[in-house]
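S.K.: Next up is a structure, given as structure tokens.
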Amino acid sequence: MVGKICGTGSCLPQMIWGNEKLEEMVDTSDQWIQERTGICRRHIASEEETTAYLASKAAKKALHDAGMSPEEIELILVATISPGNIMPGIACEVQKNIGAENATCFNLNAACTGFLFALNTAQAYIAQGIYKNAIVIGAETLSNLTDWKDRSTSILFGDGAGAVVLKSVDEGTYIQVSRSIGNKGHVLTLTNRNQKKYEQNPLAEETYMRMDGKAVFQFAVTKVPEMISEVLEKAKMSKEEITWYILHQANARIIGSVARRLGENKEKFPMNIENYGNTSSASIPILLDELNKKGALKQGEWLVLAGFGAGLSCGASILKW
């Protein structure tokens with residue numbers, strides 16, 4: 001059995017910051033940001049637009065798209081690095097907010113690879129016949145973890161949530177490969193503000209996202225093509241059979257480099273990073289929802305989903321739409 005995506009949804013905060021907003025905060029420019037990242041604007045959550053709020057809205061939209069009721073859902077997985085609360089978990093808050101009273105719920109943290117790892121987890125449960133219907137969500141309010149005085153990271157991140165509904169079907173394909181490289185974890189870090197040593201200064205530098213941009217870039221442009229090639233080999237498929245490569249939206253230059261290294265047409269790599277920035281675990285499901293709503297995804301097409309993030313972690317999956 002395989003979990004077929006039968007509904008998608010997303011939710012973005014109402015507030016939008018263009019690059020000109022960041023020009024007021026750090027030594028940067030719209031041209032500099034666009035040339036190095038491809039980002040023009042990002043959505044920023046208000047106090048009311050919590051990670052759980054965004055996740056719940058995205059889940060409701062995905063359920064509506066799937067034509068299913070909340071009571072049919074048996075599993076809710078939320079990938080996030082920016083929960084508003086440690087307890088209860090966001091997945092349980094989503095359950096309450098959408099009325100999915102029959103669902104088992106938990107969170108998963110694999111940073112920007114989080115949605116992909118959560119999707120793998122849900123597929124494993126479905127393959128074993130443990131659950132039939134699931135919602136997988138990537139949701140982030142990274143603006144709460146961003147040092148807006150740090151030019152190297154502040155230009156990159158945004159807030160949002162995306163969700164997919166999976167329904168068990170007897171025939172289908174879902175193939176995945178994934179890796180974790182813990183000995184390189186130091187290049188992308190974020191320290192918990194709830195530790196006692198930060199009681200006097202909860203906004204210490206370590207409690208904001210810190211990144212060695214060059215190291216992360218090299219990791220991404222090397223490992224993502226490797227993961228895609230590996231999953232294609234595992235599936236015994238050629239790249240010509242793939243219609244769309246849905247990559248984590250971290251940097252337009254990274255996506256372009258992956259396309260070149262694979263020898264694929266860049267047109268097969270849709271991007272929306274211009275409008276949203278890097279939304280971490282939310283980026284893949286937000287892009288899926290946009291493509292779905294536009295009618296760009298046709299039944300029977302093969303998709304590759306691929307991501308990378310802190311940990312370090314990376315992975316790729318193949319599925320039929």
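S.K.: Among the residues of the stretch 179-208, count how many are of a type in the set (Asp, Glu) and within 17 Å of Thr153 (Cα to Cα).
M.R.: 2
S.K.: Check whether at least one residue in the stretch 67-76 is open to solvent by 60 Å² or more (accessible area, probe 1.4 Å) and under 30 Å from Gly185 (Cβ atoms), and report yes or no.
M.R.: No, the stretch 67-76 contains no residue that is open to solvent by 60 Å² or more (accessible area, probe 1.4 Å) and under 30 Å from Gly185 (Cβ atoms).
S.K.: For the stretch 31-59, give me each residue that is of a type in the set (Phe, Trp, Tyr) and either over 30 Å from Val78 (Cα atoms) or surrounded by fewer than 20 Cβ atoms within 10 Å (Cβ to Cβ) (or both).
M.R.: Residue satisfying the conditions is Trp32 alone.
S.K.: Kindly provide the set of residues from the stretch 175-206 that are over 18 Å from the mean Cα position of the chain (by Cα) and in a strand (DSSP E or B), ordered by number.
M.R.: Listed by number, the list holds a single entry, Ile175.
S.K.: Could you check how many residues of the stretch 227-236 are surrounded by 15 or more Cβ atoms within 10 Å (Cβ to Cβ) and without any contact (Cβ under 8 Å) to a residue 60 or more places away in the chain?
M.R.: Looking only at that region, the number is 1.
S.K.: Of the residues that make up the stretch 83-91, is at least one open to solvent by 60 Å² or more (accessible area, probe 1.4 Å), under 18 Å from Gly9 (Cα atoms), in a helix (DSSP H, G or I) and out of contact with any Leu (no Cβ under 8 Å at 6 or more places or on another chain)?
M.R.: No, because not a single residue in the stretch 83-91 is open to solvent by 60 Å² or more (accessible area, probe 1.4 Å), under 18 Å from Gly9 (Cα atoms), in a helix (DSSP H, G or I) and out of contact with any Leu (no Cβ under 8 Å at 6 or more places or on another chain).
S.K.: Moving on to the next point. Has the stretch 154-165 got any residue that is assigned to a strand (DSSP E or B), of a type outside the set (Val, Ile, Thr) and open to solvent by 40 Å² or more (accessible area, probe 1.4 Å)?
M.R.: Among the residues of the stretch 154-165, not one is assigned to a strand (DSSP E or B), of a type outside the set (Val, Ile, Thr) and open to solvent by 40 Å² or more (accessible area, probe 1.4 Å), which makes the answer no.
S.K.: Let me ask something else. Which of the residues that make up the stretch 284-318 are more than 19 Å from Gly158 (Cα to Cα), open to solvent by 10 Å² or more (accessible area, probe 1.4 Å) and in contact with a strand residue (DSSP E or B) (Cβ under 9 Å, 6 or more places away or on another chain)?
M.R.: Leu291, Asn292, Lys293, Ala296, Leu297, Lys298, Gln299, Gly300, Glu301, Trp302, Gly311
S.K.: Evaluate the following for Thr28: is it part of a helix (DSSP H, G or I), open to solvent by less than 40 Å² (accessible area, probe 1.4 Å), of a type in the set (Val, Ile, Thr) and within 22 Å of Gly277 (Cβ to Cβ)?
M.R.: No.
S.K.: Go through the stretch 233-281 and give me each residue that's under 17 Å from Arg42 (Cβ atoms) and not in a helix (DSSP H, G or I).
M.R.: His248, Gln249, Ala250, Asn251, Met271, Asn272, Gly277, Asn278, Thr279
The values are calculated or read from the model by the stated rules, or taken from the named source; none is laboratory data. Note that the structure is predicted; figures quoted are calculated from it, not measured. For neighbour counting, all protein chains shown are included, and Cβ atoms are generated from backbone atoms with ideal geometry for every residue, glycine included. Calculation scope for accessible area: heavy atoms of the full protein, side chains included, ligands and nucleic acids excluded. Shrake-Rupley method; radii C 1.70, N 1.55, O 1.52, S 1.80 Å.
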